[in-house]
Amino acid sequence: MTELSLIVPMYNEEAVCAKFFDAVVPLIAPLVSSYEIICVDDGSRDRTVEILKLLREKNPNIKILCLSRNFGKEAALTAGIDHAVGRAVIPIDADLQDPPELIADMLTQWRAGAQVVLARRADRASDSFLKRTTSSLFYQLFSKLAKPGIPPNVGDFRLMDRVVVDALKQLPERARFMKGLFAWVGFRQVILEYTRPERAAGETKFNYWKLWNFSLEGITSFSSLPLKVWSYFGVVVSFLAMLYMVYLVLNTLITGVDTPGYASLMSVQLFFNGILLIGLGAIGEYVGRIFIETKRRPIYLLNETLGVSPQAPASAEPAVIHRA
Ligand code: UDP
Ligand code: MG
């Protein structure tokens, strides 16, 4: 029985890969009776897999899952979670931005009965001003729109008990907004605080466009409010339009035919066309996602696995080549 599984999504991480194991292995090995480190290679195009294979020769607790292409961090995490066998599971970034020193405290809380131990960033000084503001706006908006909200400044780095992992594996959707899914399953939680360091080496894989799409994914998979708001908006607007109509009629009766109203007509026209397009766009976001979900494609495809138990994932099991 494996006590602890670490899940490490890796996309072009040759620069930090070895550093990660140097830092993590000596920290966790004395803490648990047995552990596995599942490295999910998310279609890296650099030497990440080569390096992982070399490291695995020295330490068989390092296991490797190679996805057939870059599916994104959320899919990589899903693949890891599907294959982890530990009684406690911790997703952790490869770049050492999730401090491995925190694992000791997480294990202590877990042994004391917590089912989920969250790691919250006490300050975001290592982020730019723009990233801090946009992310805080996102958390505020998300918690207004979706139930349950996600705790602010909590990432994927957390400890989950086996029961939580098994619950997660029952969620079949293709839209994998992991933070939201983690929060949705619930269970007894404890929060630890930490300061997020800079990336140990290499570069971030997320630009603002990716983050924008990621937030859209989060909101549309956890809230239908952007769809429903249009009918209320419609009621308010029709009411105002009616008042305006009454005013126009009275005005014409009292003061006679008005001057030609090109400017006012045009602005009303443009304004409402814009509003209609936004409404249509919101519906499009959802219809697009319904389209993707109905195709029921697997969330990820495996190309090669090393050392990972051929455990059937909760989602449709993709074709796999298993090696020792
Ligand atoms: N990652 C991944 N697939 C991707 C993008 C990122 O598996 O398509 C991994 C990456 O290798 C790292 C983690 O996700 O281990 C977090 O990525 P990164 O550090 O670039 O994000 P940031 O910390 O800047 O938000
Ligand atoms: Mg990072």
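Values as computed for the structure displayed
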{"item": "Of residues in the stretch 186-239 being charged (D, E, K, R) and part of a helix (DSSP H, G or I), the one nearest to ligand 1 (Cβ to nearest atom)", "result": "K210"}
{"item": "Close pairs from the stretch 242-270: first of a type in the set (A, V, I, L, M), partner part of a helix (DSSP H, G or I), Cβ under 9 Å, at least 6 apart", "result": "V268/A241; V268/Y244"}
{"item": "Residue among A125, A104 that is within 16 Å of ligand 2 (Cβ to nearest atom) and either surrounded by fewer than 22 Cβ atoms within 10 Å (Cβ to Cβ) or at pLDDT 95 or above (or both)", "result": "A125"}
{"item": "Test set (1) surrounded by 15 or more Cβ atoms within 10 Å (Cβ to Cβ); (2) over 16 Å from the mean Cα position of the chain (by Cα); (3) of a type in the set (K, R) - R174 fails condition number", "result": "(2)"}
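The values are calculated or read from the model by the stated rules, or taken from the named source; none is laboratory data. All of these numbers come straight from a predicted model, not from anything done at the bench. With ideal geometry, Cβ positions are generated from the backbone for all residues, glycine too; neighbour counts draw on all protein chains shown.
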